[in-house]
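The values are calculated or read from the model by the stated rules, or taken from the named source; none is laboratory data. These numbers were taken from a predicted model, which means no experiment stands behind them. Here the Cβ is made from the backbone with ideal geometry for all residues, glycine too, and neighbour counts use every protein chain on show.
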Amino acid sequence: MTNLKHILVATDFNEPADRALDLAIALATRLESKLTVMHAYSIPASGYPYAKGLLWPVDDLSRAARTALDGVLRKAREGYPKAEAVLACGEPSRQIVDAAAACGAELIVMGTHGRRGLSHVFLGSVAEKVVRLSPIPVLTVSGERTG
């Protein structure tokens, strides 16, 4: 198996992300890799002209994201004490790719919701965008348990 020195696992705090975290911890343990858990949040509708003048509770969003990420980091450290965390604000797919580059990750692990049809068209897929943008391998983990 390839020796990956650094794995980045992205989380949106949902079940597919929990499964991705479990897999990333298992890989990091087996390969003795550095593990970075990251979350990227964005300010709702910040880029749309009709949103000008709206005040978003940015400090509250940031605080809530940090609190949730700290909880995931605690869970990660139960399985892998050397885990670290990174929080970023901005378009999630771009932030994930940028964070991986900044920390020198050699693999991105992330959950995917597996949206289809109209929900995929309107909501898009952060995982799909990361796969397209990333210069390093991306391992996606389905949220659906099989078997």
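For every residue, the table says whether it meets (1) of a type in the set (Gly, Ala, Ser); (2) at pLDDT below 95; (3) farther than 22 Å from Leu107 by Cα.
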| site | (1), (2), (3) |
| --- | --- |
| Leu4 | no, yes, no |
| Glu15 | no, yes, no |
| Ser33 | yes, no, no |
| Val37 | no, no, no |
| Leu55 | no, yes, yes |
| Ala65 | yes, no, yes |
| Ala85 | yes, no, no |
Checklist outcome for this item: Checked the stretch 94-132 for anything at pLDDT 95 or above and either acidic (Asp, Glu) or surrounded by fewer than 19 Cβ atoms within 10 Å (Cβ to Cβ) (or both); matches are Arg94, Asp98, Ala101, Ala102, Cys103, Gly104, Glu106
Next on the checklist: Looking at the stretch 68-85 only, could you name the residues that are among the hydrophobic types (A, V, I, L, M, F, W, C) and assigned to a loop (DSSP other than H, G, I, E, B)?
Outcome noted: Ala83
Checklist entry - Considering the stretch 76-88 alone, what residues qualify as being under 15 Å from the mean Cα position of the chain (by Cα) and closer than 19 Å to Glu32 by Cα? => result Ala76, Ala83, Glu84, Ala85
